[in-house]
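Each remark here refers to the structure printed beneath this line.
The values are calculated or read from the model by the stated rules, or taken from the named source; none is laboratory data. Since the model is a prediction, treat every value here as computed from it, not as a measurement. Methodologically, a virtual Cβ is constructed for each residue, glycine included, from the backbone with ideal geometry; neighbour enumeration extends over all protein chains shown.
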Amino acid sequence: MSVNPYAPPKAALTGTDNTTYLEEDGYAFHNELIANQHFKSPLICAKLGIPIPPEINPQPKHIKVTKVPRIPKLALNIASLLSCVLLFLSFFFIDPNLIFAFIFLYLIVAAILKFILTKPYKIPFYFSEEYTRIRSNRILTFTFTFIILAIITTYGIIAHHPETLIFSILGSLLTLIIYKFKTTYFVVTQTKGEFYYIRGVHQGLLDAIPHLPLSS
């Protein structure tokens, strides 16, 4: 008997002998994890798929996952586009010093829009010390790179050097994109009721939980 993946946990497993899903509130579907905030992960690193020794008394990390609806995402993209236009106009046609004010304004507007229009959702996962160390090193590397590029950008603005400014801005944007790609824990592809479809979970963890479709 196939199971509706959108059904609540107890309804989905009525009549089956698989009780682990009732405890975990999560299951695997293709390469994604379908889970709610009551998900109880096995002691497996969600990113490396390696077991975590129970004797170290590990504590789950509640990861904030967010699904941005289309309209809020469009609003954030429009705000980003307008900020780029204002930065270009301020440097070449108005006053290069205003570029700092426009950057600050964009950051405030983007933060407000994200706070109002998105709904963060926390789901507990376990992460190994190895992955925690890898992610920390990535954050330090990208932070140092971005600081260097920010200094170069500031120099390009003060010295009115367009070539330097364009190079540093493009470098900063590329750094931010790679940073987001390399340090983001997971990506939410869709939501159905209280369940989030989460991509980026290691196959080792997915193999340790029930898979859909379940059958009696």
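A few notes on this one:
- Residue in region 178-189 that is crowded, with 16+ Cβ neighbours inside 10 Å, touching an Asp or Glu at 6+ places or on another chain (Cβ under 8 Å) and aliphatic (A, V, I, L, M) present: no
- For the criterion of being more than 20 Å from Ser128 (Cβ to Cβ), in contact with a Phe, Trp or Tyr (Cβ under 7 Å, 6 or more places away or on another chain) and at pLDDT below 85, Tyr21 passes.
- Residue that is within 21 Å of Phe104 (Cβ to Cβ), at pLDDT below 90 and touching a Gly at 6+ places or on another chain (Cβ under 7 Å), where the choices are Ser168, Ser172, Ser216: Ser168
- Any hit, region 103-123, residues being of a type in the set (Phe, Trp, Tyr) and at pLDDT 75 or above: yes
- The criterion of at least 1 residues that are free of Cβ contacts under 8 Å to residues at least 24 places away in the same chain and basic (Lys, Arg) is met, among helices (runs of 4 or more DSSP H) falling completely within region 121-214, by 129-158, 162-183.
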